[in-house]
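To keep things clear, I will list the structure first and then write my remarks on it.
Where a number appears in this text, it was derived from the coordinates with a stated rule and is not lab data. If you're wondering where the values come from, they're calculated on a predicted model, not measured in any experiment. Reconstructed Cβ throughout: ideal geometry from the backbone, glycine too, with neighbour counts over all protein chains shown.
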Amino acid sequence: MASAQWRIVGASVIGSSHIKTGAPCQDFSLHQLIESASSGPVLVAVISHGAGSAEHAAIGSSTACHTFISLVRLFVANGGKVSSLDRTHAESWVKEIAAQLECKARESGQVLKDYACTLLAAVVGNDAAAFIQIGDGAIVTSHGEEDGWSWVFWPQHGEFANTTNFVVSENALQVLDFELAPRRIDEIALFTDGLENLVLHHSSKTVHDPFFNPHSSDDVLICATLTAIQI
């Protein structure tokens, strides 16, 4: 199979409420194409939504994304293949991200919850893809116009409005969603909670396909988002 080539676009956008209060954008997105000697290039895409109530949420989301990329890079460098990923790998990566956040909290004299953030990630090879999620927002994939877009995991929301799960939560490993898809992924998009109401139909639990139409006039709210198309 030919090596994957990708067209990728990503953005993190600050919301109007943050502009009014002078707060920074607390969401972060990151991607990297990692060369694998054994199975071709591996696309790693990760986004994180920093909790609005967390004092250092922006640092938390950035740290989570950078740490995840580093962990996957090490996995691939050691000969790991996307098709061999399982929940154990995902849990170990989440534990390491939480440990990095705990170190930052300790060094700055803060508490761990000050760095609370979600995690949505995709590790995509030529013939398999692994998906990981803790928190709200979603990952959606498509295999072309005829098949449309479908979500991998439905957003995680808590018992009350505007609540969700975070990497630093005590139950992070219990609520962790993991899936290995043993197939080629042609298109993928990751987005945080700011785009949920534009991309997802909550009543029918479906994806609003027109959002991904380049002529769509939908506005972008506060979010981190990554979209990749394999060519």
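What the table below lists for this structure:
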quantity: Extension gain (nm, one decimal) between Glu55 and His157, 0.36 nm per residue minus Cα-Cα; calculated: 34.6 nm
quantity: Ordering of 53-62, 101-110 by packing [mean C-beta count within 10 Å, highest first]; calculated: 53-62, 101-110
quantity: Simple label model, 7 Å out from Cα along Cβ direction - Glu91 to Asn171, nm; calculated: 1.7
quantity: Under 5 Å, built H, 5+ apart or other chain: amide partners of His208; calculated: Leu200, His201
quantity: Sorted peptide list for 162-170, 81-89, criterion being average Cβ within 10 angstrom, highest first; calculated: 162-170, 81-89
quantity: Cα-derived Rg to Rh of the stretch 15-171, Kirkwood definition; calculated: 0.99
quantity: The stretch 91-139 - convex hull of the alpha-carbon atoms, volume per residue in Å³; calculated: 79
quantity: Principal axis box of the stretch 47-118, alpha-carbon based, largest edge first, Å; calculated: 38, 21, 17
